[in-house]
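Okay, structure first, notes after.
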Number of protein chains: 2
Amino acid sequence: MSHTSDSHFDVIVIGAGAVAENVADRIVQGGLTAVVVESELVGGDCSYWACMPSKTLIRSGMALRAAKRLGGAAEAVTGELDVAAVLARRNSFTHDWDDQSQVDWLDGVGIALVRGHGRLTGIREVTVTASDDSTTVLTAEYAVVVCTGSDPMLPDIEGLKDAQPWTPREATSAQSAPASLAIIGGGVVAVEMATAYVSFGTEVTILARSGLLQRQEDFAGDLVSTSLRQLGVDIRKASPTAVEKTAAGFAITVDGQVLEVEKLLVATGRVPRSSDIGLEVVGLKAGDWIEVDDTLKAVGSDWLYAAGDVNHRALLTHQGKYQARATGDVIVARALGKPVDDAPWGTHVATADHQAVPQVAFSEPEVASVGLTSTAAREAGFDVRVVDYELGSIAGASLQADGYEGRARMVVDEKRGVIIGVTFVGQDVSELIQAATIAIVGEVPIDRLWHAVPAYPTMNEIWLRLLETYGRPGAIQPGPATSA
Amino acid sequence: MSHTSDSHFDVIVIGAGAVAENVADRIVQGGLTAVVVESELVGGDCSYWACMPSKTLIRSGMALRAAKRLGGAAEAVTGELDVAAVLARRNSFTHDWDDQSQVDWLDGVGIALVRGHGRLTGIREVTVTASDDSTTVLTAEYAVVVCTGSDPMLPDIEGLKDAQPWTPREATSAQSAPASLAIIGGGVVAVEMATAYVSFGTEVTILARSGLLQRQEDFAGDLVSTSLRQLGVDIRKASPTAVEKTAAGFAITVDGQVLEVEKLLVATGRVPRSSDIGLEVVGLKAGDWIEVDDTLKAVGSDWLYAAGDVNHRALLTHQGKYQARATGDVIVARALGKPVDDAPWGTHVATADHQAVPQVAFSEPEVASVGLTSTAAREAGFDVRVVDYELGSIAGASLQADGYEGRARMVVDEKRGVIIGVTFVGQDVSELIQAATIAIVGEVPIDRLWHAVPAYPTMNEIWLRLLETYGRPGAIQPGPATSA
């Protein structure tokens, strides 16, 4: 049943990042053969230039600030964050950008690797051009999966491209902290890198025309703005009109003034990494996102799949890995003529992409959300009720940090009596969101959630307060308290 | 509909701890009148001598150790935990054992307060004896609710009672750290107080005949033992045979030797605080736990209820508060002739007491669990499958702390395809357990949980690893990986 030669495999995966690895892993676990094609490091952006290094840059400073917010612990923190040690820890997590351990993993599970740039050159055919310009033609028995991810988008600002600013790659792999850093953009990468670098003593300026975290509930951007400003970040609702490389760094024209900084990071969005992978061969347009159905199969094709950023469903590593599991399993099922479970929430579909995508910004404070924001839920036509509660009023939060500030929002679909969106903002909320994801994905009725008792005194008691604020269907509703 | 005079109320609640407050709150929210009877502080043990002070004693040291486990942050922690500042923070959380703010809260929501010792003296009648020995007879139109809680149990050890050891009350309210402390017991209080005091520089010895955390999964006690020993705690599987008060403290005979310590804490279990509340009047035995049905009504009575520790269903503040909500609501419903929803998981029953009680030990490391242990599940006759995974192998955990050690266990009911028990042990796992509680209470099928994607890189990715280890029903099952 499995087909392998030096150049023929059951499945070819273009890319070898986390998503590609998961696709190939499911393929070989299903008994088929797989090859991954990678022009850079096996492990991809997440391992070397995104999730992992960025969180190491943030975590040590975050833990130190947490200790400083507690009587008794604060007194013990007499030194400053050791930036060199943080960077060394980051280097250890990225293995100094050496992918040998991931190559060993591929070998161990039996996934073939061809290094080079892969391009579609025919039906189930990928031609790989190596760094020495030699080419290898690979053919697939069943499917080709595009997992090439995305690239940073550079906005159209005069001089920006020529000035060669930092992208998230350079920001997460820098070997020293600049004296000053300007960040263009207000999304997750912008607030995370601002959080990291301001803790290194860098003078950080954020230039975000529409403010911070615009896709989240309004209070998320507000709380993060307040907090980052307290840490010393200069946040301006402004867009640069010109950028120039100077001897000392960058001269940025913004609001008619010139801002001089040592480094400039552009974090304004992503474009698909699909401009040079032969999409024309299958009738698609080079440089486009690849549209797929819920089994991650490219629309109009019976053998091309796309998982991860490049399909534009949800540009997050964990969501790409989720798609990868469905992709790998459905390719195996179709190849072997086994049942395909492609009903909503089935084994072979990525239904959660539409309804329950969790996201965490590891900023100061953290922002963790899943499902729809209140605005998005209303726009989608749901009969929405919104419940807010201050996290600082929760006993568990007041114990976690003196002067704890944060907020939670629960968005309820009144018609079905289930939660469709939750947002938490505050210190250490990143691990709180999984409970909300399970509630949404499991469509657990509000009535039943009353029985999911939060342990006291944890921050999760926010669940009880949100439910109490919502009111209890079936219970006696609040009436006037009569004590006389 | 509501009945109030100086001595007649719709509902009398004996006790004014967290559980009693929640019962009374639901009663007045439902439009009836309520009085609480309290001989000590309004707010009870949880506010003044248990949950709140114990966690403040633990939290600062925990945060400091977290910082020390991170390159870059560790270098900044050059001082020691400031014990006086920790105790001052604890005093602030207990308002120096002044209950005025809670009295104000009662006033604000319209709950009456009578200070003194309450005893049942007739049908729906409670006689309160004040500290000046004056008495007040209270009568209830509908119900009396016993929320008196529990007292520490002193084991039968020669000389122990006369030696007047610390109970959890004294351990959580101490104004200085003793040079040495022995703890008899191996449960949650024992490991929490060991964690707190060893961080204060106290020489701590635990005497636990059966080891630590015997009601939890085996690995919980093992990991906590290892960790506490690393912090310097002497843990002995031994039971004292005699205790004597000395000038310097206590002389404890154990294993034929004498252990001399400044303080001795006994934390070996609880007894119901019901020996002097007039239970005989309703045909119950003084000093017994009060048996109740799922609406928290005492078996055999139509007007007596018991919520919290005293009913022996689940001796935890959060679970008592959960019972309190059902108790208050069902009393109102019955009084007003409204529908009573007492089917399992209904509004007026405490179903979760049987199936989904979460518990957190804020020890080093934390232990968080919900539902059945693997042993309890097998004993209960479930068709059980147990899945373990090392938390340290999760990317999010390795980022959280260098050298992270911890473990997770998921207990699955194979017949229904749902989770019935989860245990997490490790740094910062206390907030992870709510997701498991929702999965269990919501009876979310394993198939569906695959769609509850954990955000990367958080520690919650343990969910994905547990599921992968379990295997995916409906997906192609792992076969031999064929790469040749």
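One line per residue, one yes/no per condition, for (1) outside any helix (DSSP H, G or I); (2) buried (at least 24 other Cβ atoms within 10 Å of the Cβ):
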{"residue": "A:Ser301", "(1), (2)": "yes, no"}
{"residue": "A:Ala326", "(1), (2)": "no, yes"}
{"residue": "A:Ile331", "(1), (2)": "no, yes"}
{"residue": "A:Ala335", "(1), (2)": "no, no"}
{"residue": "A:Val340", "(1), (2)": "yes, no"}
{"residue": "A:Ser363", "(1), (2)": "yes, yes"}
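Residue-by-condition table, conditions (1) more than 30 Å from A:Ala84 (Cα to Cα); (2) of a type in the set (Phe, Trp, Tyr):
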| position | (1), (2) |
| --- | --- |
| B:Ile27 | yes, no |
| B:Val35 | yes, no |
| B:Glu40 | yes, no |
| B:Gly44 | yes, no |
| B:Trp49 | yes, yes |
| B:Met52 | yes, no |
| B:Thr56 | yes, no |
| B:Leu64 | no, no |
| B:Ala74 | no, no |
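Give the residues of the range B:264-285 that are free of Cβ contacts under 8 Å to residues at least 24 places away in the same chain and under 21 Å from B:Ala16 (Cβ atoms), sorted by residue number.
Answer for the range B:264-285, where residues must be free of Cβ contacts under 8 Å to residues at least 24 places away in the same chain and under 21 Å from B:Ala16 (Cβ atoms): just B:Ser275.
Condition check ((1) under 30 Å from A:Ala314 (Cα atoms); (2) surrounded by 15 or more Cβ atoms within 10 Å (Cβ to Cβ); (3) in contact with a Leu (Cβ under 9 Å, 6 or more places away or on another chain)) across all residues:
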residue: A:Val243; (1), (2), (3): no, yes, yes
residue: A:Thr246; (1), (2), (3): no, no, no
residue: A:Leu259; (1), (2), (3): no, yes, yes
residue: A:Lys263; (1), (2), (3): yes, yes, yes
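When you look at A:Gly122, is it open to solvent by 10 Å² or more (accessible area, probe 1.4 Å), more than 21 Å from A:Lys321 (Cβ to Cβ), not polar (S, T, N, Q) and not assigned by TED's automatic domain parsing to the domain that holds A:Val35, yes or no?
Answer is no for this residue.
Determine which single condition B:Thr351 fails, assuming it passes every other condition in (1) more than 22 Å from the chain's Cα centre (by Cα); (2) touching a residue at least 12 places away in the same chain (Cβ under 8 Å).
Every listed condition holds for B:Thr351 apart from (1).
Could you identify the single residue in B:Val146, B:Val83 that is of a type in the set (A, V, I, L, M) and open to solvent by 30 Å² or more (accessible area, probe 1.4 Å)?
Sole residue among the options that is of a type in the set (A, V, I, L, M) and open to solvent by 30 Å² or more (accessible area, probe 1.4 Å): B:Val83.
Report the residue count in the range B:458-471 for those that are among the β-branched types (Val, Ile, Thr) and more than 8 Å from chain A (Cβ to nearest Cβ).
Within the range B:458-471, residues that are among the β-branched types (Val, Ile, Thr) and more than 8 Å from chain A (Cβ to nearest Cβ) number 2.
Which numbered condition in (1) open to solvent by 10 Å² or more (accessible area, probe 1.4 Å); (2) touching a residue at least 24 places away in the same chain (Cβ under 8 Å); (3) facing chain A (nearest Cβ under 9 Å) is the only one that B:Asp309 fails?
(3)
Which of the numbered conditions does A:Ile252 fail, given that it passes all the others? Conditions: (1) crowded, with 24+ Cβ neighbours inside 10 Å; (2) within 11 Å of another protein chain (Cβ to nearest Cβ).
For A:Ile252, the failing item is (2).
Give me the strands (runs of 3 or more DSSP E) completely within the range B:213-285, filtered to those with at least 3 residues that are over 23 Å from the mean Cα position of the chain (by Cα) and under 20 Å from B:Gln164 (Cα atoms), ordered by residue number.
The qualifying strands (runs of 3 or more DSSP E) are B:242-245, B:250-254, B:257-261.
Tally up the residues in the range A:159-212 that are in contact (Cβ under 8 Å) with a residue 12 or more places away in the chain and part of a loop (DSSP other than H, G, I, E, B), please.
24
Say we look at the range A:286-299 and pick out the residues that are free of Cβ contacts under 8 Å to residues at least 24 places away in the same chain and outside any strand (DSSP E or B); which of these is nearest to the other protein chains (Cβ to nearest Cβ)?
By that ranking, first place goes to A:Asp293.
Can you tell me which residues in the range A:62-86 are of a type in the set (Gly, Ala, Ser) and facing another protein chain (nearest Cβ under 7 Å)?
A:Ala63, A:Ala66, A:Ala67, A:Gly71, A:Gly72, A:Ala73, A:Ala76, A:Gly79, A:Ala85
All but one of (1) surrounded by fewer than 24 Cβ atoms within 10 Å (Cβ to Cβ); (2) facing another protein chain (nearest Cβ under 9 Å) hold for B:Ser5; which doesn't?
(2)
Per-residue answers, yes or no, for (1) open to solvent by 30 Å² or more (accessible area, probe 1.4 Å); (2) on the phi > 0 side of the Ramachandran plot; (3) assigned by TED's automatic domain parsing to the domain that holds A:Gln257; (4) hydroxyl-bearing (Ser, Thr, Tyr):
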| residue | (1), (2), (3), (4) |
| --- | --- |
| A:Gln175 | yes, no, yes, no |
| A:Ala179 | yes, no, yes, no |
| A:Gly185 | no, yes, yes, no |
| A:Ala196 | no, no, yes, no |
| A:Leu212 | no, no, yes, no |
| A:Glu217 | no, no, yes, no |
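Go through the range A:369-420 and give me each residue that's assigned to a helix (DSSP H, G or I) and surrounded by 21 or more Cβ atoms within 10 Å (Cβ to Cβ).
A:Ser374, A:Leu391, A:Gly396, A:Ala397, A:Leu399, A:Gln400
So for the range A:174-196 (the condition being touching a Ser or Thr at 6+ places or on another chain (Cβ under 6 Å), over 27 Å from A:Ser275 (Cβ atoms) and β-branched (Val, Ile, Thr)), does at least one residue qualify?
yes
So, of the residues in the range A:91-110 that are at the interface with chain B (Cβ under 9 Å from one of its Cβ atoms) and within 22 Å of the chain's Cα centre (by Cα), which turns out to be least open to solvent (accessible area, probe 1.4 Å)?
A:Phe93
Please find, within the range B:22-44, the residue that is farthest from the chain's Cα centre (by Cα) out of those that are within 14 Å of another protein chain (Cβ to nearest Cβ) and over 18 Å from B:Val332 (Cβ atoms).
B:Gly43
Does any residue in the range B:247-259 that is of a type in the set (S, T, N, Q) come within less than 7 Å, Cβ to Cβ, of a residue that is in a strand (DSSP E or B) and surrounded by 13 or more Cβ atoms within 10 Å (Cβ to Cβ) six or more places away or on a different chain, and which pairs are these?
From the range B:247-259, the pairs are B:Thr253/B:Ala242.
For the subset of the range A:198-210 comprising residues that are of a type in the set (Gly, Ala, Ser) and out of contact with any Asp or Glu (no Cβ under 9 Å at 6 or more places or on another chain), which member is most open to solvent (accessible area, probe 1.4 Å)?
Here the answer is A:Ser210.
From the list B:Val13, B:Val19, pick out the single residue that is within 24 Å of the chain's Cα centre (by Cα), among the β-branched types (Val, Ile, Thr) and open to solvent by 10 Å² or more (accessible area, probe 1.4 Å).
The conditions single out B:Val19.
Which members of the range B:421-457 meet the condition of being in contact with a Leu (Cβ under 7 Å, 6 or more places away or on another chain), more than 7 Å from chain A (Cβ to nearest Cβ) and part of a loop (DSSP other than H, G, I, E, B)?
B:Trp450
Being open to solvent by 20 Å² or more (accessible area, probe 1.4 Å) and touching an Asp or Glu at 6+ places or on another chain (Cβ under 8 Å) is true for just one of B:Glu40, B:Glu75. Which residue is that?
B:Glu75
The values are calculated or read from the model by the stated rules, or taken from the named source; none is laboratory data. Being a predicted model, the structure only gives us computed values, none of them experimental. Note that we place each Cβ from the backbone using ideal geometry, even for glycine, and neighbour counts take in every protein chain shown. The area values use the complete protein model at the heavy-atom level, side chains included, leaving out ligands, DNA and RNA. Shrake-Rupley method; radii C 1.70, N 1.55, O 1.52, S 1.80 Å.
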